[in-house]
Amino acid sequence: DISERKQAHHELFEAKELAEVTFEAIGEGVIRVDHSGAITDVNSAGAHLLGATREQLLGQSFGAVVRFFDPDENRPVADPMPEVLAQGDRVRVPIFTRLQRSDNTYISIVDSISPIHDDTGVVRGAVFVFQDISEARRMTQELVHQASHDALTGLPNRRGFDEALERTWARVQQGA
C-alpha cells in the first residue's frame with residue numbers, strides 16, 4: 001500500500017533528521033570512523049576542539065588527525081582506535097590525556113571510543129566522543145599547589161616538604 005510506504009518514509013526521514021540535529025547539538029566532540037579508521041563524520045564541536053574544519057577532517061585517517069599525548073610529559077600515547085576496531089571493545093584513555101590540535105597546542109580531554117557493530121556483530125566502525133577538560137586540569141593543579149605550598153612565600157609547606165622527602169627517599173631506595 002502506497003500510504004503505508006509514505007508513512008514509513010516520513011518516519012524514517014524524521015528519525016534521520018532528529019539524529020542529525022542531535023549529533024550537531026551535542027556539546028562534546030564526536031567523530032565517527034569506518035572499519036579502516038577513516039573519518040566519516042564529525043560534529044562542529046569536534047572540529048572546533050581539533051582546530052580544523054569539518055571538510056579538512058572528513059576522509060582523513062583518525063590516527064593522523066587525533067594525536068594523543070601523555071598528560072604530564074611531551075610524549076605521544078598509543079592511538080587506541082586500532083584496538084577498538086580490531087577487538088570491538090569500548091576504550092577510554094586516562095583522564096587528562098592531551099590531544100594535539102592542528103595549531104600544535106594541546107587540550108586535556110576525557111573521552112571514550114566505542115565500536116559500531118552491524119546486525120551480525122561485525123565491527124563496522126567506531127565513534128570517538130571527547131570533551132575538553134583543560135580548565136578542570138588547570139584548577140586541579142592549582143589546588144594541589146595550594147595544598148602543598150605556603151600562600152605568602154610560595155615555598156613548600158610542611159605537607160609539601162613531606163611529599164618531597166618521600167619522593168627523594170623512594171629514589172634513594174631505588175638507587176637512582
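The values are calculated or read from the model by the stated rules, or taken from the named source; none is laboratory data. Note that the structure is a prediction, hence the values are computed from the model and not measured. Note that we place each Cβ from the backbone using ideal geometry, even for glycine, and neighbour counts take in every protein chain shown. Side chains are part of the model used for accessible areas, which takes the heavy atoms of the whole protein and leaves out ligands, DNA and RNA. Shrake-Rupley method; radii C 1.70, N 1.55, O 1.52, S 1.80 Å.
The table for this structure:
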{"quantity": "The one condition in (1) farther than 21 Å from residue 74 by Cα; (2) open to solvent by less than 70 Å² (accessible area, probe 1.4 Å) that residue 172 fails to fulfil", "calculated": "(2)"}
{"quantity": "Helices (runs of 4 or more DSSP H) contained entirely in the range 53-128, each with at least 2 residues that are without any contact (Cβ under 8 Å) to a residue 40 or more places away in the chain and touching a strand residue (DSSP E or B) at 6+ places or on another chain (Cβ under 6 Å)", "calculated": "54-57"}
{"quantity": "Lone qualifier among 107, 116 - being under 16 Å from residue 73 (Cα atoms), open to solvent by less than 90 Å² (accessible area, probe 1.4 Å), at pLDDT 90 or above and not polar (S, T, N, Q)", "calculated": "107"}
{"quantity": "Residues (surrounded by 14 or more Cβ atoms within 10 Å (Cβ to Cβ) and in a helix (DSSP H, G or I)) located in the range 137-152", "calculated": "137, 140, 148"}
{"quantity": "Selected residue (only one of 67, 5 is charged (D, E, K, R) and exposed (fewer than 14 other Cβ atoms within 10 Å of the Cβ))", "calculated": "5"}
{"quantity": "Residue match in the range 130-147 (condition: at pLDDT below 85, touching a strand residue (DSSP E or B) at 6+ places or on another chain (Cβ under 6 Å) and not small (Gly, Ala, Ser))", "calculated": "yes"}
{"quantity": "Residue match in the range 153-164 (condition: within 28 Å of the chain's Cα centre (by Cα), touching a residue at least 12 places away in the same chain (Cβ under 8 Å) and exposed (fewer than 14 other Cβ atoms within 10 Å of the Cβ))", "calculated": "no"}
{"quantity": "Residues being modelled with pLDDT under 80, open to solvent by 80 Å² or more (accessible area, probe 1.4 Å) and more than 30 Å from residue 134 (Cβ to Cβ) - total across the range 14-51", "calculated": "3"}
